[in-house]
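Working notes for the structure below.
Laboratory data are not the source of any read-out in this text; all were calculated from the coordinates shown. Note that the coordinates shown come from a computational prediction; the quantities given were computed from them, not determined experimentally. Note that each Cβ is placed from the backbone with ideal geometry, even for glycine, and that neighbours are counted across all protein chains shown.
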Amino acid sequence: MYDLIDRPVSALSPGDRFLIEAIRLWVAGRSACQCPAALLAARFAQSGALDALGDFDGWMTQLSTHARVPIQINCKCGLVTDDESVLLTLARDLVTGRDAKARTTLSLLVAEQAIAPTFCALARTAAMLGQVGLPPGTNVRT
């Protein structure tokens, strides 16, 4: 996680960059009272990841609705923020089989009843991104 904080978004791997940009667009859309999934559909389709959009939207909705504390997403910053690094690390953990670590982290982020649905939606999102060549956590440029 700490290797991501304050790193330029442009230096992230394609999978991490796709995910952070999608997170930021989702938050911007929600803040503007627009449907985030509709705003992201073209981006996901262009990347061959349209099948991941429903789970991504579900993951973000769970975080938004059931967060124990506000999660800060900086939609205009060129650097990865602390909370964004936590979300990227969650996806990385699931891709690398660290499910228990991801569940523990989620238990700190969301209410008890939201842990399972949030975990499942994120796991499916990360797996589908991996299937289209955008796996979270691969080769961060320095």
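Here are some notes:
- Database remark: amide H of Val110 closer than 5 angstrom to the amide H of Arg68 (H placed geometrically; neighbours at sequence offset of 5 or more, or on other chains; Pro and chain starts carry no H).
- Computed from the C-beta positions of Arg103 and Lys76, the FRET efficiency with R₀ = 25 Å rounds to 0.20.
- Within the chain, the longest segment free of exposed loop sites, counting trypsin sites (Lys or Arg not before Pro) that fall outside DSSP classes H, G, I, E and B and have at most 10 other Cβ atoms within 10 Å, spans 1-75.
- Expressed per residue, the C-alpha convex hull volume of the chain stands at 97 Å³.
- Within the shell of other residues whose beta carbon sits under 15 angstrom from the beta carbon of Ala100, the net charge comes to +2, with Lys and Arg scored +1 and Asp and Glu -1.
- Using the Cβ-Cβ distance between Asp3 and Ser64 with R0 set to 22 Å, the FRET efficiency works out to roughly 0.25.
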